1. Name the lysines eligible as straight-distance cross-link partners of K42: C-alpha to C-alpha under 29 Å, and not fewer than 8 places from it in the same chain.
2. Taking loop as defined by DSSP and a crowding limit of 15 other beta carbons within 10 Å, which GluC sites (Glu not before Pro) in region 1-107 fit?
3. Give the carbon-plus-sulfur fraction of the accessible surface of the chain in %, rounded to a whole number; probe 1.4 Å, heavy atoms of protein chains only.
4. Expressed as a rounded percentage, what relative contact order does region 1-121 have, with Cα pairs under 8 Å and six or more residues apart?
5. Along the Cα→Cβ direction, 7 angstrom out, place labels at K64 and E109. What is the inter-label distance in nm?
6. Scan the chain and report its longest stretch carrying no trypsin sites (Lys or Arg not before Pro) that are both in a DSSP loop and have at most 12 other Cβ atoms within 10 Å.
7. Only bridges with both residues in the chain count here: give the DSSP antiparallel percent, nearest 5.
8. On average, how much accessible surface per residue is there in the chain, in Å², for a 1.4 Å probe, leaving out ligands, DNA and RNA?
Amino acid sequence: VQLQASGGGLVQTGGSLRLSCTASGRTFSSSAMGWFRQAPGKEREFVATISWPGRSTNYADSLKGRFTISRDNAKNTIYLQMNSLKPEDTAVYYCAGRSNPYVSGNPNEYVYWGQGTQVTVSS
């Protein structure tokens, strides 16, 4: 089981990025998925989560309205659309998968992790 995240990069304040995470293997089917991020010197924090097959989503309160999580089950891929980016959004973003279809903001409840993609927002 592998998760491959992509789409990170350098963007100016106010800009947008769309992250993608593609899963290999059977894990994507029936798995809730999530995005987390970790800034230098800080703990990993919850960003967003989406259920299987995608009817339910949940977001960190501070990110509601700017970030949108979605999934394309035919492509085994989840996305994170990030708008109105701020310098404090700078972090490594990780995608993760659960072993059940229910949303969760707790990283300890995820069993599959991608390698992370760097997002840097310049002021």
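The values are calculated or read from the model by the stated rules, or taken from the named source; none is laboratory data. Just so it is clear, the model here is predicted, and its values are computed rather than measured. Neighbour counts are summed over all protein chains in view; Cβ atoms, including those assigned to glycine, are modelled from backbone coordinates with ideal geometry. With ligands, DNA and RNA removed, areas are computed over all heavy atoms of the protein, side chains included. Shrake-Rupley method; radii C 1.70, N 1.55, O 1.52, S 1.80 Å.
1. Here the lysines satisfying the reach criterion relative to K42 are K64, K86.
2. Listed in order of number, the matching sites are E43.
3. For the chain, the apolar C and S fraction of the accessible surface comes to 44 percent.
4. That works out to 37 percent.
5. Taking the two extended label points, one gets 1.8 nm.
6. Numbers: sites that count: K42, R55.
Longest gap between qualifying sites, sites excluded: 56-123.
7. Percent antiparallel among DSSP bridges in the chain is about 90.
8. Value returned for the chain: 51 Å² of accessible area per residue.
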